[in-house]
Structure formats: C-alpha cells, structure tokens
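Working notes, structure below.
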Amino acid sequence: MAKIGIVHHSLNSCGGGELLSLTIAKTLKERGYEITYYTTQKTDWNYVKSVLGVSFKPDREKCVFKVKIPYFGIYQRLITGFLSNAIKECDLVINTHGDVMPFVNADITYMHYPTFSLWYESPVNVKYLKSLFWRSYFIPYYTIQKHLVKRTTCIILTNSKFSQKAIWKYVGKKSIIVYPPVNIRPYAKLIEKKDRENIAVTIGRFTPEKRYEDILEIASKTPHIKYIIVGSVPNKLSMQYFSKIKTLILKRKLRNVILLPNLKFMDKLRLLSRAKVYLHTMINEHFGIAIVEGMAAGLVPVVHMSGGAWEDILDAKQGVHGYAFKNTNEAASYVEEIIFNESLRKEIVLNNLEYVWKFSSEAFKEKIIRIVEAFT
C-alpha cells in the first residue's frame with residue numbers, strides 16, 4: 001500500500017485544524033496506507049488524545065525539533081519545508097496546516113484560509129496588523145506566501161464557502177469544499193438530556209481572535225445566565241490571553257462567567273449535556289467545529305453573523321439552525337430568548353437533529369477517501 005506523508009507543523013495546539021489532520025491520518029491508516037507525520041515539534045500523543053478524544057499514532061513521525069517551540073507559529077509552518085528530503089520518500093503528500101511550504105510540493109493541501117491574505121483584510125481580528133512589531137513580524141511571511149501560493153499546482157481543499165471565496169479572490173485558484181470532520185456520535189448521545197441549566201458554553205483556544213471580551217460584555221447584560229468558556233492553553237501567548245480574560249472577570253465582578261482551561265474530553269461532554277446555548281463570538285470564523293459539536297449535543301448556536309459559522313453552519317438562515325448577531329446587544333437578546341423560551345429551543349434542536357450529520361466525520365471520511373484514491 002502507498003506511503004502517505006502528512007505535513008502539519010504542530011499537533012500540540014489541539015484545535016480544529018489538528019482534529020481535521022488526525023482524522024485524515026486515522027482514516028487513511030485504517031484504509032491500509034502507511035502514514036508518516038512531518039512536524040516542526042514532536043507531538044505529545046497522550047495530551048492530544050486527552051484533549052481531542054482521538055486515539056491515534058502514525059507509523060512514523062519525523063520532526064525538525066525534539067522540543068516544543070512556543071513562538072513563531074506562522075514561521076513554523078514554513079520550517080516543515082526543511083524536511084523536504086524525507087518527505088520525498090512518500091507516494092502522496094498531504095499538507096493539513098494549510099499554508100504552502102518552500103521546497104515541498106504537496107499533492108493535496110487542505111487550506112483552511114489563505115493566511116497571507118490577512119494583510120488585505122480588516123484588522124478587527126488580526127494581531128499582525130495592530131502594531132509596528134506585529135506588522136514587521138508578518139511582512140516576511142506574507143512576502144514568502146504570496147510568492148509560493150501562486151506557483152502551487154496541488155489540489156486545494158477547504159472548509160467552507162467563506163474560505164473558498166477567499167482562496168479564489170487572493171490565490172486565484174479553485175478549491176473543493178470538504179467540511180471539517182465532526183465526531184457527531186458522542187455528542188448526539190447527549191441530545192435527550194432534559195435537565196438542562198441556564199448555561200451558555202463557548203469552546204475554543206484562548207487566543208485574542210476568539211474575542212472572549214465580547215462574552216464578558218454579553219454576560220454583563222444577562223447576569224441571570226451562566227457563561228462557561230472552555231479552551232486549551234497550549235503556550236505562553238495563550239496563557240497571557242487567559243490571564244487577561246481572568247483579570248477582566250475579576251475587575252468587572254462578573255460572578256456568572258467561569259473559565260475552564262484544558263478541560264478533558266469527557267468533562268467537556270458532561271458540560272455540554274447541561275447547557276442550552278453554544279455561544280461563538282469570533283468574527284469571520286472560517287468554519288467552527290465546536291459550533292457543530294454543540295448543535296449535535298442539543299445546544300442552540302448563537303454566532304457572529306460572518307464567516308463559515310453563518311454562511312455554512314447556519315446556512316445563512318436566521319432562527320432555523322440557530323441565531324447570528326451583529327453586536328453584543330443582539331447576542332444577549334438571542335441568548336436570553338433561547339434560554340427562557342423552551343418551545344423555541346426545542347424546535348431548533350429538532351431542526352438540527354438530522355442536519356448536523358452533513359458535517360459528520362463519516363461524510364468527511366468518504367470525501368477524503370475518494371480524493372486520495374483518485375491519486376493512488
């Protein structure tokens with residue numbers, strides 16, 4: 001059977017991109033392919049399993065560094081190109097961290113979003129454009145990517161209509177939408193949980209683009225509702241943002257906001273079984289795996305009216321699969337409506353019962369297998 005190399009700069013962040021990468025790897029290994037991971041830093045497989053709930057190890061892992069590197073995240077994506085000689089051993093190369101690498105011609109790239117294009121966009125979420133330091137940090141990366149991406153000849157997969165439009169606009173290439181895999185089954189088991197509390201849950205890494213400050217604002221407008229923010233804190237920068245949010249909670253005396261860093265998978269399931277609303281405040285989220293997980297568990301999503309969360313997950317329909325807001329006042333109003341209008345909540349949960357399966361791991365695996373087997 002063919003040897004497949006999967007390039008992903010680090011799996012230790014344990015976010016949606018890492019879950020997607022591991023699902024591809026596990027699917028192909030179960031199909032009989034030999035899998036080698038090419039990473040910048042060595043993977044802590046036990047940690048990955050505990051956070052993402054995915055039990056998997058490749059046949060081999062080859063990494064540039066043997067230790068965890070907490071800095072220069074976007075440049076680490078380029079550094080994996082230093083493994084180009086080793087990667088040539090493979091019959092097929094899949095790049096799942098999404099950015100094009102120097103010295104490596106992947107056959108398939110899952111491009112979550114053309115990162116270099118952030119240079120052109122509104123800096124509302126983009127730290128790289130907010131100060132001279134971050135702009136200076138980003139310029140070399142932007143220049144390299146802008147040059148490399150025009151030359152790539154690989155098949156490009158992406159996660160949403162939103163990202164597909166950005167790839168066409170900034171890269172000038174067509175892409176195939178393959179929705180990220182959501183393991184619906186463990187969440188769907190929670191759907192019948194009846195004794196739910198007045199809780200809104202948010203799940204995501206503690207990083208500034210997630211805009212958890214907005215959750216504090218929403219919480220201040222609805223003190224009778226509990227807000228729980230769950231997220232991984234994989235590095236120093238995440239810890240700084242976690243500390244910032246914790247300080248703001250204390251400063252604003254918000255008794256209805258709880259932070260749960262690095263929550264284990266089973267604890268996350270228990271939390272979702274108690275909640276009514278899944279709240280997502282990031283603007284222009286490319287997709288949002290945790291949103292679908294929440295929907296599958298019987299929570300009603302309230303998301304920002306932008307990106308894949310609105311266009312793809314809610315199908316740009318207000319009040320059918322959830323609600324989308326433009327500001328924190330609207331968000332607070334929607335959260336209250338869902339929490340206290342039980343018939344409305346149940347109606348939307350029922351709408352999502354079958355709908356969420358279009359984003360399932362099973363649907364994802366079928367598409368990936370078809371694409372890979374066309375190559376091999």
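The values are calculated or read from the model by the stated rules, or taken from the named source; none is laboratory data. Just so we're clear, the structure is a prediction, and the values are computed from it rather than from any experiment. FYI the Cβ positions are ideal-geometry reconstructions off the backbone, even for glycines, and counts take in every protein chain you see. With ligands, DNA and RNA removed, areas are computed over all heavy atoms of the protein, side chains included. Shrake-Rupley method; radii C 1.70, N 1.55, O 1.52, S 1.80 Å.
The table below lists the values:
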{"item": "Residue among T222, T281 that is closer than 18 Å to I338 by Cα and more than 23 Å from the chain's Cα centre (by Cα)", "result": "T222"}
{"item": "Residue check, S238 in contact (Cβ under 8 Å) with a residue 12 or more places away in the chain, among the small types (G, A, S) and either open to solvent by 20 Å² or more (accessible area, probe 1.4 Å) or under 18 Å from S13 (Cβ atoms) (or both)", "result": "yes"}
{"item": "Tabulated pairs, region 335-351, first in contact (Cβ under 8 Å) with a residue 24 or more places away in the chain, second of a type in the set (D, E) and in a helix (DSSP H, G or I), C-beta under 7 angstrom, 6+ apart or interchain", "result": "none"}
{"item": "Whichever residue in region 241-260 is aliphatic (A, V, I, L, M) and out of contact with any Phe, Trp or Tyr (no Cβ under 9 Å at 6 or more places or on another chain) and, among such residues, is most open to solvent (accessible area, probe 1.4 Å)", "result": "L250"}
{"item": "Test: residue in region 199-215 that is among the small types (G, A, S), at pLDDT 95 or above, farther than 18 Å from V335 by Cα and open to solvent by 10 Å² or more (accessible area, probe 1.4 Å)", "result": "no"}
{"item": "Filter result (open to solvent by less than 40 Å² (accessible area, probe 1.4 Å) and more than 19 Å from L19 (Cα to Cα)) within region 171-190", "result": "V171, S175, L190"}
{"item": "Test result for P208, more than 19 Å from I371 (Cβ to Cβ) and within 15 Å of the chain's Cα centre (by Cα)", "result": "yes"}
{"item": "Failed criterion for N284 (all others in (1) modelled with pLDDT under 95; (2) in contact with a strand residue (DSSP E or B) (Cβ under 6 Å, 6 or more places away or on another chain); (3) not charged (D, E, K, R) hold)", "result": "(2)"}
{"item": "Flag if T36 is among the hydroxyl-bearing types (S, T, Y), farther than 27 Å from K268 by Cβ and modelled with pLDDT of 90 or more", "result": "yes"}
{"item": "The lone exception for A324 - which of (1) open to solvent by less than 20 Å² (accessible area, probe 1.4 Å); (2) in contact (Cβ under 8 Å) with a residue 24 or more places away in the chain it fails", "result": "(2)"}
{"item": "Single match in A309, A331, A316, A374 (criterion: open to solvent by 10 Å² or more (accessible area, probe 1.4 Å), assigned to a helix (DSSP H, G or I) and among the small types (G, A, S))", "result": "A374"}
{"item": "R270 being closer than 19 Å to E192 by Cβ, assigned to a helix (DSSP H, G or I) and not aliphatic (A, V, I, L, M)", "result": "yes"}
{"item": "Some residue of region 235-247 being farther than 20 Å from V48 by Cα, of a type outside the set (D, E, K, R) and outside any helix (DSSP H, G or I)", "result": "no"}
{"item": "Count - residues of region 1-31 that are among the small types (G, A, S) and either under 17 Å from R60 (Cα atoms) or at pLDDT 90 or above (or both)", "result": "5"}
{"item": "Where I225 falls short, out of the listed (1) touching a His at 6+ places or on another chain (Cβ under 9 Å); (2) of a type in the set (V, I, T); (3) closer than 21 Å to A297 by Cα", "result": "(1)"}
{"item": "Residue match in region 340-362 (condition: open to solvent by 50 Å² or more (accessible area, probe 1.4 Å), of a type in the set (S, T, N, Q), outside any loop (DSSP other than H, G, I, E, B) and touching a helix residue (DSSP H, G or I) at 6+ places or on another chain (Cβ under 8 Å))", "result": "no"}
{"item": "Hey, I167 in contact with an Asp or Glu (Cβ under 9 Å, 6 or more places away or on another chain), among the β-branched types (V, I, T) and at pLDDT 70 or above or not", "result": "no"}
{"item": "Members of region 42-78 found to be more than 19 Å from the chain's Cα centre (by Cα), at pLDDT below 60 and β-branched (V, I, T), listed by number", "result": "V67, I69"}
